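Accompanying notes for the structure given below.
The values are calculated or read from the model by the stated rules, or taken from the named source; none is laboratory data. Here the structure is a predicted model, which means the values were calculated and not measured. With ideal geometry, Cβ positions are generated from the backbone for all residues, glycine too; neighbour counts draw on all protein chains shown. Remember, those area values only see protein heavy atoms, side chains included, never the ligands or the DNA or RNA. Shrake-Rupley method; radii C 1.70, N 1.55, O 1.52, S 1.80 Å.
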Number of protein chains: 2
Amino acid sequence: MSALRIGLAGLGTVGQGVAALLEANGELIARRAGRPIHITAVAARDKGRQRGVKLDVPWVDAGALAARDDVDVVVEVIGGSEGIAKTLCENALKSGKAVVTANKALLAHHGAALAALAEKHQASLAFEAAVAGGIPILQAVQDGLAANRITRVVGILNGTCNYILTAMQESGRPFEGVLAEAQEKGYAEADPSFDIDGVDTAHKLSILASLAFGSPVNFASVSVEGIRRISAEDIAFARELGYVIKLLGVAETGKEGLQQRVHPALVPLDAPLASVNGVFNAVYLEGDPVGKQMFEGRGAGAGPTASAVVSDLIRIARGHVAAPFAIPIAQMQQLPAMPLGRIQRGYYLRLKVIDQPGVLADVTDIFRKTQVSVKSLVQHGRRAGEPVQLVLVTHEAREEAMQSAVKAIAALASVTESPQLIRIEEA
Amino acid sequence: MSALRIGLAGLGTVGQGVAALLEANGELIARRAGRPIHITAVAARDKGRQRGVKLDVPWVDAGALAARDDVDVVVEVIGGSEGIAKTLCENALKSGKAVVTANKALLAHHGAALAALAEKHQASLAFEAAVAGGIPILQAVQDGLAANRITRVVGILNGTCNYILTAMQESGRPFEGVLAEAQEKGYAEADPSFDIDGVDTAHKLSILASLAFGSPVNFASVSVEGIRRISAEDIAFARELGYVIKLLGVAETGKEGLQQRVHPALVPLDAPLASVNGVFNAVYLEGDPVGKQMFEGRGAGAGPTASAVVSDLIRIARGHVAAPFAIPIAQMQQLPAMPLGRIQRGYYLRLKVIDQPGVLADVTDIFRKTQVSVKSLVQHGRRAGEPVQLVLVTHEAREEAMQSAVKAIAALASVTESPQLIRIEEA
């Protein structure tokens, strides 16, 4: 059977990984795909730069890949939600070429429009690499778990954040020092904001939620908080209370619609996600009737990402055709976005208070009025008249009640710093 | 689009689960499959028995399902490697009907022949439910990880054994009592030998290994040991040394071929599989370039098994056609079976010895001669002239060297009981 011909756009870490994998495992890939998969054209900004892979194929402008007769599939690993990556994917789909991409920003912002384009032109659009790297979670949700009504998806989807939080956990050191170390080691970018402010996790979550809940990607409705505000104290208190802190993407459905959020959370030590450490990613989900499942693996890097890209290529080589989000876009229903205020969770609240009689009574009085009930409480040391740390863990309460309680608590004269509120997620 | 018509053979726990799921999630399944999936005929031994599901369709002999014009897919959930289940699957495939089965015994013994039959008649044969219940591990290996050279697969594949070992771990109680309790609770069969002697795990391992390594199912070459010999003492010593004991199915490739084995093993406490408890199943694997991955979920029961069966039906409804073992049987190469004696592992060895001078020197002398090196050693209490427990953990050694060392040690006069040898698996 004739080879599947790839136009590779982008030769950064991922592009080089794809080229290296097609070379290294070429024979095995051809056996599994039913035919060889070859790169026939490459587009990269800087042809002259020394790269780890040798590609004896035409180097062209990215814009030209979509029009080439010797390209069946465009692999887009340039990145960015706008500009050249978007134009290339659109043009390829318009010419009926398949597109495989690792570009989560593009899909988070334009996933539904691109899927509509793919469906109109009967072209494949596949993006396993965009979420959780080498973990085949999108295929699992689309195919292996397709009979289930999924009710909840929780992911550790950003290796940089998980590396930083794990290192803080293990060393007891503060955020800034660990971030600097992660940057030195290449686990965090020079400008790390995309990762540590939770935007990357939110991109991935919105794609995963679309597949899991059959609702078009709705990135705009994800509420996003990053990990900058997590202190060494929070990590230590959480541990004392039986939790670790992870940056989670959470999507869940209820009567009020679909709730999507990204934030640091306390995870019980015996929960599956608690032991996912370092640069590893994981996705935990609950489905009816399958119950609880967890998938864990490497979420980034050349090898794992290339594994996902080439698995998509193998499916295309086999003739697999499917709607990009499993259900045709026209048949999807946009679930209403459930406001963050309506969720029910337990909370961790750390306060800096002047150690004086009546403080605890003031705090618990506010909780009583807002109908939030306290499950446990930790205070270290006693220094009459001086500021001390007071940590409370609540039973499940409604977010809006908790927020109004925290607002009232922050206004107390004896509370000397802005309270630290972190949600608890059982996953 | 016209409905996909199912002939359901078997109405035990799994058959009822499939019927209930097609009913409960029917609308969602039709949306994801692109068309409705309906049961149009049922074969079950005892029509009269009260069952949890109402099926207003013809009840026929299992033998007749394969010939019915109103059946597109036969779902075989009768069980057993021979007899009616085998004949039904063969006849269905011969008439060009698709077969979906949860029958691991059938596939372990006749998987390659059935796949050849399916390929000859261009019929689908799917069996996601046969391995690890609701975890979509077969699809992951076939599709999502298809670009990888998989080098090692380790699974906790039997919920009964994992329940028993977890309960022994948590309670400190011996095997027999925990087994009896598991039987009372319905987690173990009245005749539990298939599960606790490792046969069920071996069936599943041979199917998983075939897909992972592209070699026809070779159940006969799996070496199998069960968990009957694991004592409360072993569990306690293992814990003290930083391990838990799990029944594992292990398949790995090396220069000498494919090695498949089922046995209880010590797993380090911080390894991914160590925290998979109770009736949960999990599969850990290593692939190049994806690295380490783990999948965890419910491995048995009506819901998880039905989830897997119906996911196969959805793929068939979508028109997905593939070789049952990803690569056409004719193109598979039977990898040579690597003998168990050639593996390299660490070992746990528990000895009952008379507490007298020179015993340890005798044991370590044997190790020196067989080139096995000791990593750690535990002895509890001292009772001169009385039998005491001595536990040694070795560095990696070749199995045949270890076996000959154990044979020599067993022959020592001061060793009063048959030594207990358990492999260590890092997974």
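Some observations on this one:
- Those residues of region A:61-78 which are open to solvent by 30 Å² or more (accessible area, probe 1.4 Å) and not charged (D, E, K, R), in sequence order: A:GLY63, A:ALA64, A:ALA67, A:ILE78
- The residues of region A:26-43 that are in contact (Cβ under 8 Å) with a residue 24 or more places away in the chain, under 21 Å from B:LEU211 (Cα atoms) and not small (Gly, Ala, Ser), listed by number, are A:ILE29, A:ARG32, A:ARG35, A:PRO36, A:ILE37.
- Subset of region A:9-34 (residues that are facing another protein chain (nearest Cβ under 8 Å) and open to solvent by less than 20 Å² (accessible area, probe 1.4 Å)): A:GLY17, A:LEU21, A:ASN25, A:ILE29, A:ALA33
- Selection count, region A:259-272, where residues are part of a strand (DSSP E or B) and open to solvent by 10 Å² or more (accessible area, probe 1.4 Å): 1
- Tallying residues that are of a type outside the set (A, V, I, L, M, F, W, C), closer than 13 Å to A:GLY159 by Cβ and more than 7 Å from every other protein chain (Cβ to nearest Cβ) within region A:277-310 yields 6.
- Hits in region A:273-299 - residues which are among the small types (Gly, Ala, Ser) and either surrounded by fewer than 24 Cβ atoms within 10 Å (Cβ to Cβ) or outside any loop (DSSP other than H, G, I, E, B) (or both): A:ALA274, A:SER275, A:GLY278, A:ALA282, A:GLY287, A:GLY291, A:GLY297
- Tabulated pairs, region A:370-381, first assigned by TED's automatic domain parsing to the domain that holds A:LYS407 and touching a residue at least 24 places away in the same chain (Cβ under 8 Å), second open to solvent by less than 70 Å² (accessible area, probe 1.4 Å) and in a loop (DSSP other than H, G, I, E, B), C-beta under 8 angstrom, 6+ apart or interchain: A:SER376/A:LEU241; A:VAL378/A:LEU241
- In summary, A:ILE366 fulfils each of the numbered conditions (1) within 32 Å of the chain's Cα centre (by Cα); (2) β-branched (Val, Ile, Thr); (3) over 30 Å from A:HIS38 (Cα atoms); (4) in a helix (DSSP H, G or I) with the single exception of condition (1).
- Residue match in region B:335-351 (condition: over 24 Å from the mean Cα position of the chain (by Cα), within 19 Å of B:PRO419 (Cα to Cα) and outside any strand (DSSP E or B)): no
- Residue match in region A:319-332 (condition: assigned to a strand (DSSP E or B) and in contact (Cβ under 8 Å) with a residue 24 or more places away in the chain): no
- Boolean, A:ALA147 is open to solvent by less than 10 Å² (accessible area, probe 1.4 Å), modelled with pLDDT of 95 or more and within 12 Å of chain B (Cβ to nearest Cβ): yes
- Region A:307-341: number of residues that are under 20 Å from A:SER206 (Cβ atoms), out of contact with any helix residue (DSSP H, G or I) (no Cβ under 7 Å at 6 or more places or on another chain) and not aliphatic (A, V, I, L, M): 4
- Residues of region B:252-272 satisfying the condition of being within 11 Å of chain A (Cβ to nearest Cβ) and of a type in the set (A, V, I, L, M): B:LEU269, B:ALA271
- Failed item in (1) more than 9 Å from every other protein chain (Cβ to nearest Cβ); (2) buried (at least 19 other Cβ atoms within 10 Å of the Cβ); (3) farther than 28 Å from A:PRO304 by Cβ, with B:ALA337 passing the rest: (2)
- A:LYS185 buried (at least 24 other Cβ atoms within 10 Å of the Cβ) and among the basic types (Lys, Arg): no
- Some residue of region A:225-239 being within 26 Å of A:ILE137 (Cα to Cα) and in a strand (DSSP E or B): no
- Residues considered: B:GLY80, B:GLY63. Of these, the only one that is assigned by TED's automatic domain parsing to the domain that holds B:GLY10, of a type in the set (Gly, Ala, Ser) and farther than 25 Å from B:ASP200 by Cα is B:GLY63.
- A:VAL391 being part of a helix (DSSP H, G or I), farther than 30 Å from A:THR101 by Cβ and at pLDDT 95 or above: no
Residue by residue, here is whether (1) away from chain A (no Cβ under 14 Å); (2) modelled with pLDDT under 95; (3) within 30 Å of A:LEU28 (Cβ to Cβ); (4) surrounded by fewer than 23 Cβ atoms within 10 Å (Cβ to Cβ) holds:
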| position | (1), (2), (3), (4) |
| --- | --- |
| B:GLN139 | no, no, yes, no |
| B:SER171 | yes, no, no, yes |
| B:PRO174 | yes, no, no, yes |
| B:ALA190 | yes, yes, no, yes |
| B:GLY198 | yes, no, no, no |
| B:LYS204 | yes, no, yes, no |
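Table: residues versus (1) in contact with a Ser or Thr (Cβ under 6 Å, 6 or more places away or on another chain); (2) closer than 24 Å to B:PRO304 by Cβ; (3) of a type in the set (Asp, Glu).
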| residue | (1), (2), (3) |
| --- | --- |
| B:LEU8 | no, yes, no |
| B:ALA30 | no, yes, no |
| B:ASP46 | no, no, yes |
| B:VAL74 | no, yes, no |
| B:GLU82 | no, no, yes |
| B:ASN91 | no, no, no |
| B:LYS94 | no, no, no |
